[in-house]
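*Asks:* I have a structure I would like to understand better, so I am pasting it below and will then ask my questions one at a time.
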Amino acid sequence: MMKKFFLKRCKSFFLIMLIPIMILFCLSTVFIYIGSKDSITQKSANSLSIINDNLDIVLGTSAYQYELLTYNPRLVLSLEKLLRHNTFEYTDVIFLNSVKTSLSAIAQAHSYIDSIYLYLDGYDSYFSSSDGIADLNTTKDEGWYEMYETADLDSRMWIQKREFQEYTYAEPKKYMTMFQRMSNIKGVIVVNINIKNFETVLTNAGSDGNLLFLMDEEGLPLCSNDAGSPIKDSLAEYKDSAFLYSPGPSDPKWVSIEGKSYLLQSLTAGKYGVTFLSLVPFGRIASQLLPTFLVLAGAVISNCVISLLLAYFVTKRNFQQIDDIIQTFDEAEKGNIPKKKETEVNDEYDVILNNVIAVFLNSSYLKHQLAEKQYKQELTEMASLQLQINPHFLFNTLQALDFEALRISGGPSTLNRMIQNLSDILKYSLEDPVKPVLLKNELDYLKKYADIQKQRLGDKFIIYYEIEEDLLDFSVFRLMLQPLVENSLSHGVAPLESTGCIKVRACSRKGWAHFTVIDNGIGLTRPEIKEVYSRILDESSQNIGLTNINRRLLLKYGPESSLHIQSKKGMGTCVTFKIPMP
């Protein structure tokens, strides 16, 4: 079972700790992905811009030479003389040398430019930046001329891919040849860009791992920084995409090529008819997320270790607490009373254990009280049975005395009346104590008690009654007022040298029936009142009268109906109580 709880807690701890880790991981991944994508996009855009600027410088310089040639009649005439193989003047040589120097400077300034040609339509020769005057019939590089002859006459500038093998034993050279027609004269400027060398430029520009392609107007790759890449043949499917060939730079977009995802950006140089593409493999962006995944893996592993440790310690502690509880029950079953833990309560099991011990102690205490109460009840029942014998014996004896008094006196007398009143009171007290009686019946038997005391004490006291008519049919319990009157007679009026007065009053106010017994006896001091209260509230007190009445009032009507005593030494005593009216 311990293993089962251990695994369950381990799973709970792991999941609870994993949730914030996964939330942090997801947020970190999103932020890192966005940051990496923006950074890579910016670098790709910079790479495309650098390559475009490189190409623009070369072609722009060539265009400058084109402008220089077409708008300088003297230079055109010198070139025409040279191409016709005519004799020309010294100034012609200077002009042509300056052109050759300019074109050679362009080729030498950029390692990927092999040569620049100037050709005028209708001639059998052309001017080369590397070889000077070359004859079309004998030149080894004749492929460019065939392309120029077959080109669309409406095209002003275009780039084509071709190969040129200078020697049979040498490896063919791959060129991107740019053709730019002259506007003032019929002819063309040809720039031969060595693809291998230009791919080096692309490689340097794409050093961060992105693939760079230079595409022609047909959507076919002219060159790439990864010549062996298999995806270059799949780029043709995007040749009609307005996304790729829109003017200027494009926004980045995810594309799928050969089953792999790439972040694609393009930059179209419209005047040259070429487009630069940048493809960033998804793996490159994923590599930026690798540290985050490593941190996540470390966090998950740490989470597992921490979860195992927490589950182990918590399960061990909980089962130790359960063992303590079971041991406590075992000791309790053997009768050994456990003790509460005096140490600081650290967890819920300490609370449970202390509560279990408290319940056991309270249960033991209640059992003890119940046993003691049962013992007292048995004693009370025996005493009650004994008392039942004595009143019946006294009642029968009083009746015998009454008959004897009648026989001796020959008729009713004061003695007969006293005996009859005493017999009635005794009979009244022996009836069912639980059954309520009317207040007027209670007053009748109170008056019989007063009459007996009158015969005994003579004119020592005067008693009178102030009772509201509405309360005469009010239900009360038996012998409710007699102990109070008896207490006034015995402790208040009897010690007086003069005649004392006792008033019994009953009235109703605000839903309560108020009862009062007032005397003008010797009264009580404050300490004496406190002593009387202490006897009344003491259940074991031997004072039967007031203690009995107060206890019965509390049991039947609650604390608000308890006795209240007011007294002043030498002036008298007032005892009051109230009971709720229906």
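*Asks:* Would you point out which residue out of Leu471, Leu537, Leu446, Leu484 is within 21 Å of Lys578 (Cα to Cα) and at pLDDT below 85?
*Replies:* Testing whether each residue is within 21 Å of Lys578 (Cα to Cα) and at pLDDT below 85 leaves just Leu537.
*Asks:* Contact list please: Cβ distance under 6 Å, first residue in the range 282-304 and closer than 25 Å to Thr41 by Cα and at pLDDT 75 or above, second residue of a type in the set (Ser, Thr, Tyr) and surrounded by 13 or more Cβ atoms within 10 Å (Cβ to Cβ), pairs at least six apart or on different chains.
*Replies:* Within 6 Å, the pairs are Phe282/Ser261.
*Asks:* If the Cβ limit is 8 Å and pairs must be 6+ apart or interchain, which residue in the range 255-270 that is surrounded by fewer than 12 Cβ atoms within 10 Å (Cβ to Cβ) pairs with which residue that is in a strand (DSSP E or B)?
*Replies:* Filtered contacts from the range 255-270: Ser256/Tyr262.
*Asks:* Of the conditions (1) at pLDDT 75 or above; (2) farther than 25 Å from Pro281 by Cα; (3) not β-branched (Val, Ile, Thr), Ser49 clears all except one; give me its number.
*Replies:* Single failed check for Ser49: (2).
Table: residues versus (1) surrounded by fewer than 13 Cβ atoms within 10 Å (Cβ to Cβ); (2) part of a helix (DSSP H, G or I); (3) at negative phi; (4) at pLDDT below 75.
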| residue | (1), (2), (3), (4) |
| --- | --- |
| Lys8 | yes, yes, yes, yes |
| Leu15 | yes, yes, yes, yes |
| Ile34 | yes, yes, yes, no |
| Lys37 | no, yes, yes, yes |
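*Asks:* Tell me, yes or no, whether the range 476-490 has at least one residue that is of a type in the set (Ser, Thr, Tyr) and under 19 Å from Leu438 (Cβ atoms).
*Replies:* no
*Asks:* Can you spot a residue in the range 240-247 that is of a type outside the set (Phe, Trp, Tyr), within 18 Å of Leu55 (Cβ to Cβ) and modelled with pLDDT of 75 or more?
*Replies:* Among the residues of the range 240-247, not one is of a type outside the set (Phe, Trp, Tyr), within 18 Å of Leu55 (Cβ to Cβ) and modelled with pLDDT of 75 or more, which makes the answer no.
*Asks:* Here is a follow-up. So Ala151 fits all but one of (1) of a type in the set (Gly, Ala, Ser); (2) in contact (Cβ under 8 Å) with a residue 60 or more places away in the chain; (3) closer than 14 Å to Val190 by Cα; what number is the exception?
*Replies:* Status for Ala151: all satisfied but (2).
*Asks:* Taking the options Thr138, Thr91, Thr87, Thr101, name whichever one is hydroxyl-bearing (Ser, Thr, Tyr), part of a loop (DSSP other than H, G, I, E, B) and at pLDDT below 75.
*Replies:* Criteria check complete, one pass: Thr87.
*Asks:* Please determine, by comparing only the residues of the range 109-139 that are of a type in the set (Phe, Trp, Tyr) and under 21 Å from Ile193 (Cβ atoms), which one is surrounded by the fewest Cβ atoms within 10 Å (Cβ to Cβ).
*Replies:* Out of the qualifying residues, it is Tyr112.
*Asks:* Evaluate the following for Ser78: is it touching an Asp or Glu at 6+ places or on another chain (Cβ under 7 Å), at pLDDT below 75 and in a helix (DSSP H, G or I)?
*Replies:* yes
*Asks:* Here is a follow-up. I'm told Asp473 meets every condition in (1) on the phi < 0 side of the Ramachandran plot; (2) not in a loop (DSSP other than H, G, I, E, B) except one. Can you identify the failing condition by its number?
*Replies:* (2)
*Asks:* Now a separate question. Do we find that Ala227 is aliphatic (A, V, I, L, M) and either farther than 25 Å from Ile57 by Cα or modelled with pLDDT of 85 or more (or both) in this structure?
*Replies:* No: the conditions fail for Ala227.
*Asks:* Please specify each residue of the range 152-163 satisfying the condition of being among the polar types (S, T, N, Q) and either surrounded by 17 or more Cβ atoms within 10 Å (Cβ to Cβ) or in contact with a strand residue (DSSP E or B) (Cβ under 7 Å, 6 or more places away or on another chain) (or both).
*Replies:* Answer for the range 152-163, where residues must be among the polar types (S, T, N, Q) and either surrounded by 17 or more Cβ atoms within 10 Å (Cβ to Cβ) or in contact with a strand residue (DSSP E or B) (Cβ under 7 Å, 6 or more places away or on another chain) (or both): just Gln160.
*Asks:* On the basis of being charged (D, E, K, R) and touching a strand residue (DSSP E or B) at 6+ places or on another chain (Cβ under 8 Å), does Asp538 make the cut?
*Replies:* Answer is no for this residue.
*Asks:* Do any residues in the range 495-521 that are farther than 17 Å from Leu481 by Cβ and in the same structural domain as Leu481 (by TED's automatic domain parsing) have Cβ atoms under 7 Å from those of residues that are surrounded by 16 or more Cβ atoms within 10 Å (Cβ to Cβ) and of a type in the set (Asp, Glu), where the two are at least six apart or on different chains, and which pairs are they?
*Replies:* Note: pairs meeting the criteria are Gly500/Asp519.
*Asks:* Take the range 175-221 and flag every residue that is among the hydroxyl-bearing types (Ser, Thr, Tyr) and outside any helix (DSSP H, G or I).
*Replies:* Tyr175, Thr177, Ser183, Ser207
*Asks:* Can you name the number of the only condition in (1) exposed (fewer than 15 other Cβ atoms within 10 Å of the Cβ); (2) within 25 Å of Ala269 (Cα to Cα) that Glu166 fails?
*Replies:* Single failed check for Glu166: (2).
*Asks:* Between a first residue in the range 156-167 that is assigned by TED's automatic domain parsing to the domain that holds Gly143 and over 17 Å from Gly219 (Cα atoms) and a second residue that is of a type in the set (Phe, Trp, Tyr) and in a strand (DSSP E or B), which pairs have beta carbons less than 7 Å apart while being 6 or more apart in sequence or on different chains?
*Replies:* Partner pairs satisfying both residue conditions: Phe164/Tyr175.
*Asks:* Continuing with the same structure: May I ask you to verify whether Arg535 is over 15 Å from Gln566 (Cβ atoms), touching a helix residue (DSSP H, G or I) at 6+ places or on another chain (Cβ under 9 Å) and basic (Lys, Arg)?
*Replies:* yes
*Asks:* Return yes when Tyr123 is closer than 23 Å to Asn184 by Cβ, assigned by TED's automatic domain parsing to the domain that holds Lys196 and out of contact with any Phe, Trp or Tyr (no Cβ under 6 Å at 6 or more places or on another chain) and no when it is not.
*Replies:* Judged against the criteria, Tyr123 is a match.
*Asks:* For the range 141-169, give me each residue that is of a type in the set (A, V, I, L, M) and not in a strand (DSSP E or B).
*Replies:* Met147, Ala151, Leu153
The values are calculated or read from the model by the stated rules, or taken from the named source; none is laboratory data. Fair warning: this is a prediction, and the values are worked out from it, not measured in the lab. Glycine also receives a Cβ, built like all others from the backbone with ideal geometry; neighbour counts cover every protein chain displayed.
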